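Worksheet for the structure shown next.
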Amino acid sequence: MLKVDRLTKRYGAIVGIDEVSFTVRPGEVLGLLGPNGSGKSTTVRILTGLLEQTSGHVLLDDTDIATNILGYKSQLGYVPEEPHLYTYLTGPEYLRLIGRLRGLSERVLNDKIERFMTLLGIWDDRYQTLASYSKGMRQKILIAAAVLDEPRLVILDEPFSGLDVS
């Protein structure tokens, strides 16, 4: 269970987020909705450990993530708002890199890469570099990379940006 308790982020006198609290139980999906500048991305950056809060707590299974941020991040899949990919790699090469960094065996990794590329409708483009992929295709690769090792928690920041509705 992920619990956010009175999370606050200040930038000097400017309040980015003010005492945000919520709980997400296993199997639940939470969406943050609001206008630009309302603190959604700031909240996501804190939840991913990319930004430190001013006050409040983020707890995974009643343990503050700050006590073992690397252990927390190892259980996390993340799709950032701005995709930063190694565009000289192909889709499968990028997924293989991420899978190896996450410690997946070659057998498991090869199977998952083929399944994701097929499922996402980009198998025919597997020999093309990410530089040639459309924004939507790149987003699909990022989503596949985020769930490749079946993390306990997946955080998506603007995950459908550039994706077709079909």
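The values are calculated or read from the model by the stated rules, or taken from the named source; none is laboratory data. Note that the coordinates shown come from a computational prediction; the quantities given were computed from them, not determined experimentally. A quick note on method: Cβ atoms are made from the backbone with ideal geometry, for glycine too, and the neighbour counts reach across all protein chains shown. What goes into the accessible areas is simple: the full protein's heavy atoms, side chains included, and nothing from ligands, DNA or RNA. Shrake-Rupley method; radii C 1.70, N 1.55, O 1.52, S 1.80 Å.
Per the Kirkwood formula on distinct C-alpha pairs, the Rh of the range 1-89 is how many angstrom?
Values: mean 1/r = 0.0707 Å⁻¹.
Result for the range 1-89, one decimal place: 14.1 Å.
Taking a threshold of 29 Å on the Cα-Cα distance, which of the pairs Lys9/Lys135; Lys73/Lys112; Lys73/Lys135; Lys73/Lys140; Lys3/Lys112; Lys112/Lys135 fall above it?
In this structure, Lys9/Lys135; Lys3/Lys112 lie more than 29 Å apart at Cα.
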Distance between modelled label sites at Arg100 and Thr67, nm, 7 Å Cα→Cβ extension: 3.6 nm
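Can you send over the carbon and sulfur percentage of the accessible area for the chain, probe radius 1.4 Å, protein chains only? It would help to have the intermediate numbers written out before the result.
Numbers: 5210 of 10010 Å².
About 52 percent, which is the carbon plus sulfur part of the accessible surface.
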The range 18-70, dipole about Cα centre (Lys/Arg Cβ +1, Asp/Glu Cβ -1), debye to the nearest 20: 240 debye
Packing-based order for 60-71, 25-36, using average beta carbon neighbours within 10 Å, highest first: 60-71, 25-36
Dipole of the chain [Lys/Arg +1, Asp/Glu -1 at C-beta], most positive-end residue of Val20, Val58, Ile143: Ile143
Separation of alpha-carbon centers, the range 119-160 and the range 23-80, rounded to whole Å: 21 Å
